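Undergrad: I have a structure here, written as structure tokens, and I will follow up with some questions on it.
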Amino acid sequence: MRCLLLLLILSFQSHATVYRWVDEQGNVHFSDKADHPQAVEIKVNINTDQLQVSFPKQRKSMAPEQAAIIVSKATITSPIDQQTIRNNQGDFNIITQIVPKLLPSQRLQLIMDGEPQGMTQTNATFELKNINRGTHQFSVNIINSQNQVIDSSDTITVFLHRAHQNNPMHRPGKKPQPRN
């Protein structure tokens, strides 16, 4: 950054006077004005027509053993912790965010009330069907190709409300009769 600033100053005014000072945090500043008490004039002997600038080389693709060091982080984004869900069928989704994206050898496993649920998958949305009413705890594990857990999301607690099963409105084939 400092070199870029100096380069810009020099490119517009190759014969101008340049001042330099260091602030309290140790940052070096350059200016064309001596408006700081510690500013010192510096002599610049650069021919800007032949100035060469080098930039850092781009990173090459990582070797597979380096890629294994990168660990994805799982976060449950929906539902939020301590959320109450009202669904008479007991159906809802657990949505996760994975940063950075999963590697091809990684999969996700939903954990409900301490037990793995269903098969591992690469999709970050878990569709739950016919879950019993009550309090449930969820987390999501990232699993590697050796079936080892490499990351776990924070555990969230969800309260599922379903209509009471003894309610005549919810009995199959039965319809409530109006009272006379």
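Undergrad: Answer with yes or no whether residue 140 is closer than 16 Å to residue 71 by Cβ, loosely packed, with under 10 Cβ neighbours inside 10 Å and either modelled with pLDDT of 95 or more or of a type in the set (A, V, I, L, M, F, W, C) (or both). Break it down stepwise before answering.
TA: Working: closer than 16 Å to residue 71 by Cβ: yes; loosely packed, with under 10 Cβ neighbours inside 10 Å: no; either modelled with pLDDT of 95 or more or of a type in the set (A, V, I, L, M, F, W, C) (or both): yes.
Against the criterion (closer than 16 Å to residue 71 by Cβ, loosely packed, with under 10 Cβ neighbours inside 10 Å and either modelled with pLDDT of 95 or more or of a type in the set (A, V, I, L, M, F, W, C) (or both)), residue 140 does not qualify.
Undergrad: Still on this structure, please answer the following. For region 113-137, which positions are in contact with a His (Cβ under 7 Å, 6 or more places away or on another chain) and at pLDDT below 95?
TA: Kept after step one, since they are in contact with a His (Cβ under 7 Å, 6 or more places away or on another chain), are these residues of region 113-137: 113, 133.
Result: 133, single match.
Undergrad: So residue 132 fits all but one of (1) within 18 Å of residue 105 (Cα to Cα); (2) loosely packed, with under 12 Cβ neighbours inside 10 Å; (3) of a type in the set (S, T, N, Q); what number is the exception?
TA: Status for residue 132: all satisfied but (1).
The values are calculated or read from the model by the stated rules, or taken from the named source; none is laboratory data. What you see is a predicted model; the values in this text were computed from it and never measured. Here Cβ is always computed from backbone atoms with ideal geometry, including for glycine, and neighbour counts include all displayed protein chains.
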